[in-house]
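To keep things clear, I will list the structure first and then write my remarks on it.
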Amino acid sequence: TVSLGTGTGANSVGAVTQPQATGIITASTLNVNSDGGGVTLGQSNELVNLGTVVTTGGAFTYVDATGVSEAAGSINTTAAGAAGGAVSITAGGALALGNINTSGTTSGVGGDVTLVTTAGGITTANGTTINTSGAGGNNNAGTVILRSNNTAVGLSGAITASGAGTGTGTVSLGTGTGANSVGAVTQPQATGIITASTLNVNSDGGGVTL
């Protein structure tokens with residue numbers, strides 16, 4: 001296990017970056033506790049699991065050379081009375097997802113969530129939620145984007161992108177063709193519901209059953 005911070009204050013980290021390709025993290029599990037500034041791990045890391053990630057309003061970006069699972073972990077980029085930080089996860093293999101919370105708090109927009117794999121498909125775990133909702137006033141939810149390079153997507157966990165007031169929220173399963181598309185999409189569990197103002201789908205084949 002690698003832990004970047006273990007709590008708040010003196011036990012936290014601030015902004016985290018990987019300026020060089022040699023700065024990769026190889027471990028079974030990564031945990032992050034940042035009191036702000038954002039966490040960008042954009043090199044070809046090699047994790048088995050993303051554990052508990054807390055960024056206190058900062059964005060979280062992670063790249064894995066192969067597959068990675070966050071199914072039993074959690075990512076929380078919320079901050080008191082503010083907008084949520086954006087989340088971006090890119091994997092070179094199967095991408096398994098659990099709870100992700102980028103929602104606005106009290107009054108704030110939700111952070112965008114972008115989930116990408118080049119092989120192996122994307123799944124969301126039963127009983128979990130990706131929540132990008134806005135809060136207070138008329139704040140928008142963060143946009144949720146899944147791209148799986150025309151491989152399968154299985155939604156057993158919920159995706160909630162609800163705007164506050166007149167605010168809106170969009171979920172996009174694919175944003176184009178090829179690497180930007182999804183393949184077959186299913187909702188194997190009743191907990192895999194999508195709540196949003198707008199749903200967009202770009203699948204290169206296999207059928208979409210929601």
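Solvent-accessible area of the range 73-130 (1.4 angstrom probe, protein heavy atoms only): carbon and sulfur portion equals 54 percent. Students often get this wrong: which residues of the range 68-97 have the backbone nitrogen under 20 Å from the point 7 angstrom along Cα-to-C-beta of THR29? Only 68-77, 95-97 fall inside the zone, counting backbone N under 20 Å.
Taking the centroid of alpha carbons for each part, the range 138-178 and the range 105-136 are 7 Å apart. Solvent exposure of the range 159-210 amounts to 46 Å² per residue of accessible area, where only protein heavy atoms count and the probe is 1.4 Å. Globularity index of the chain is 0.96 (Cα radius of gyration / 2.2 N^0.38 Å, N = number of residues). Counting heavy atoms of the protein chains alone, LEU4 has an accessible area of about 40 Å² for a 1.4 Å probe. Here the Karplus relation 6.51 cos²θ - 1.76 cosθ + 1.60, evaluated at θ = phi - 60°, turns the backbone of the range 5-12 into coupling constants of x, 10, x, 9, x, 4, 8, 9 Hz, with x for every Gly and Pro. By its C-alpha gyration tensor, with a ≥ b ≥ c as the square roots of the eigenvalues, how is the range 57-158 shaped: rounded for a/c under 1.5, else prolate for a/b larger than b/c, else oblate? Prolate is the answer for the range 57-158, as a/c is 1.5 or above and a/b outweighs b/c. What the phi angles of the range 107-113 give under the Karplus curve with 6.51, -1.76 and 1.60, with θ = phi - 60°, is a coupling list of 8, x, 6, x, x, 5, 10 Hz, glycine and proline written as x.
Using alpha carbons only, the radius of gyration of the range 34-90 set against its Kirkwood radius gives Rg/Rh = 0.98. Here the spin labels are modelled as points 7 Å beyond Cα on the Cα-Cβ line, and at ASN126 and SER107 they lie 4.3 nm apart.
Label separation (ALA21 vs SER3): 3.3 nm, computed from points 7 Å beyond Cα along the C-beta direction.
A 1.4 Å probe run over the range 27-158, with the rest of the protein chains in place, finds 30 Å² accessible per residue.
For the pair SER197 and THR177, label points projected 7 Å from Cα toward Cβ lie 3.0 nm apart. Taking amide hydrogens as placed 1.01 Å from N in the peptide plane, the amide H of GLN43 sits under 5 Å from those of VAL63, each at least 5 positions away in sequence or on another chain.
The values are calculated or read from the model by the stated rules, or taken from the named source; none is laboratory data. Bear in mind the structure is a predicted one, so any value in this text is a computation, not a measurement. All Cβ positions, even for glycine, are placed from backbone atoms using ideal geometry, and neighbour counts span all protein chains on display. Calculation scope for accessible area: heavy atoms of the full protein, side chains included, ligands and nucleic acids excluded. Shrake-Rupley method; radii C 1.70, N 1.55, O 1.52, S 1.80 Å.
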